[in-house]
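Just below is one structure, and these are the notes that go with it.
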Amino acid sequence: VYILAVETSCDETSVAIVRDGKDILANVVSSQIETHQRFGGVVPEVASRKHVESITWIIEEALDKANVKPAELAAVAVTQGPGLVGSLLVGMVAAKALACSLELPLIGVHHIAGHIYANQLVNELKYPFVALVVSGGHTELVFVEAEGRFRIIGQTRDDAVGEAYDKVARALKLPYPGGPHIDRLAHEAREAVTLPRAWLEPDSYDFSFSGLKSAVLAALNQAAMKGQPLAPEAVAKGFQDSVIDVLVEKALRAVRAYGAKQLILAGGVAANKGLRAELEARCAEAGIPLLAPPLSLCTDNAAMIAAAAFLKYRRGQFAPFDMKAEPLLKLEAWSV
Ligand code: ATP
Ligand code: MG
Ligand code: FE
C-alpha cells in the first residue's frame, strides 16, 4: 500500500511516498529557513506563499523519486493540524485536489502523531510506550497504550523546549533556528553557567521553560552591566544541562510509573546530540529500550505523516472532503 503524504504545517514543504507505513520511497523536504532567517523567526504570511510556490513541483518530484505512478497510490494523507493556519491550508488544498482527481481516500493526520510515528519508519514499536515529544511548539510526555491511542500525561505550562532554545539563541545572537547552534556551543564548552531547574510539583510530569529562559537573559544582562560578559559556550551549556536534566528525569519516571516497554523520542529537538547522549546513557543504565529517529526524520517531514496515516488507513478511517485545517487540533482527539 502506497500512501502519498503532504506536510506544510510550518516552514517546511514536504511530500513523501511511503509503503505500508514503514518503507520510505521518497521524502522530499524543502526548507524555508533561508527565507525566514533574516526575520529571526517564521513569518506566517511569507511561509504560506512559499508553500504555494513549491508544493506542485515537490509532489511531482516525490512521485518521480519514488518511481510510483499516481494510479498506484492507495490514499493521500495530509497534516490537518496543529500548525500555522495559512500554511496548513496550502497542504490541505493540494492534498484534496490530488485525492479528488485520482479518486483516492483522504486521511487527515495530527502533526505530533506524525513526529511520534516517525519512529515506525526505522524501528519496531512495542506497546505500551511513553513518547517524549520535544519540538518547536510542543513539549509533552505521551502515554501510548496501544497503536494510535494517545494520552498526554504531562506538558509544558509555558514555552516549548524548541521555542526556549530559539529564544536563548537569539539572546546569544545566534542565527535562527538556534537549537543546533546551542547544541554545538554546549559541546565546545568547558564550564557551565549555573541555572535553575523547574521541577514543579514532585508528582507532576509537566514542564516549564520560561523561568529558565528569563534566568538566562538576567544572567547575560547582569554580566554585561558588570563589564564581564559571559562566554556564550558557558551559557549554552548551562541552559542545555538544565533542559536535559528535567526532560530525562521526568521521561524515565514516566516510563517506570506506566510500565512502558519503550521510551520513544520525537520532534525537532530530538535531533539534539546532548539530549540523545544523556537519554542513551540513562536508559542503558536503567535497562529501558530507547528509540529515536535519525536526525533527518526528527525535524518536519512528510514521511512521518504517511507513517501515522497508515494507522487510519488500516482502520478505514478516512476524512470527508470538507475536512478543515485545524491550527489547534488535539492529539488525544485524533486517536484511532
Ligand atoms: P511542532 O512540531 O511543535 O509543531 P515545529 O514543527 O516548528 O513545531 P520541529 O520542526 O519539530 O518544530 O522542530 C524545530 C525545533 O527544533 C526548532 O525550535 C529548533 O531550534 C529545534 N532543534 C532542531 N535541532 C536542534 C538541536 N540539535 N538541538 C536543539 N533544538 C533543535
Ligand atoms: Mg520547521
Ligand atoms: Fe514539527
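Below are the figures for this structure:
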item: Unmet requirement for residue 84, which otherwise passes all of (1) in contact with a strand residue (DSSP E or B) (Cβ under 9 Å, 6 or more places away or on another chain); (2) closer than 27 Å to residue 334 by Cβ; result: (1)
item: Selection from the range 137-161 of residues that are within 13 Å of ligand 1 (Cβ to nearest atom), buried (at least 24 other Cβ atoms within 10 Å of the Cβ) and not acidic (Asp, Glu); result: 138, 139, 142, 161
item: Scope the range 143-170; condition within 14 Å of ligand 3 (Cβ to nearest atom) and either in a strand (DSSP E or B) or aliphatic (A, V, I, L, M) (or both); matching residues; result: 160, 161
item: Residue match in the range 4-18 (condition: assigned to a helix (DSSP H, G or I) and either modelled with pLDDT of 95 or more or within 13 Å of ligand 2 (Cβ to nearest atom) (or both)); result: no
item: Tally of residues being in a helix (DSSP H, G or I) and either under 18 Å from the mean Cα position of the chain (by Cα) or polar (S, T, N, Q) (or both) across the range 303-336; result: 10
item: Leading residue by the ranking (farthest from residue 41 (Cα to Cα)) among those in the range 71-89 that are in a helix (DSSP H, G or I), touching a residue at least 40 places away in the same chain (Cβ under 8 Å) and away from ligand 3 (no atom under 16 Å from the Cβ); result: 72
item: Enumeration of residues in the range 91-119 that are assigned to a helix (DSSP H, G or I) and either within 16 Å of ligand 3 (Cβ to nearest atom) or at pLDDT below 95 (or both); result: 91, 111, 112, 113, 114, 115, 116, 117, 118, 119
item: Counted residues, the range 257-269 - those being away from ligand 1 (no atom under 16 Å from the Cβ), touching a residue at least 60 places away in the same chain (Cβ under 8 Å) and either over 20 Å from the mean Cα position of the chain (by Cα) or in a helix (DSSP H, G or I) (or both); result: 4
item: From the options 238, 274, residue that is within 28 Å of residue 304 (Cβ to Cβ) and either of a type in the set (Asp, Glu) or in contact (Cβ under 8 Å) with a residue 40 or more places away in the chain (or both); result: 274
item: Which numbered condition residue 293 misses (of (1) within 26 Å of residue 90 (Cβ to Cβ); (2) more than 16 Å from ligand 2 (Cβ to nearest atom); (3) part of a loop (DSSP other than H, G, I, E, B)); result: (2)
item: Selected residue (only one of 236, 254 is among the small types (Gly, Ala, Ser), buried (at least 23 other Cβ atoms within 10 Å of the Cβ), under 22 Å from the mean Cα position of the chain (by Cα) and in a helix (DSSP H, G or I)); result: 236
item: Filter result for the condition that a residue is over 25 Å from residue 291 (Cβ atoms), among the hydroxyl-bearing types (Ser, Thr, Tyr) and within 14 Å of ligand 2 (Cβ to nearest atom), over 79, 35, 56; result: 35
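The values are calculated or read from the model by the stated rules, or taken from the named source; none is laboratory data. Since we're looking at a predicted model, the values are computed, not measured. In this analysis, Cβ positions are derived from the backbone assuming ideal geometry, glycine residues included, and neighbour counts consider all displayed protein chains.
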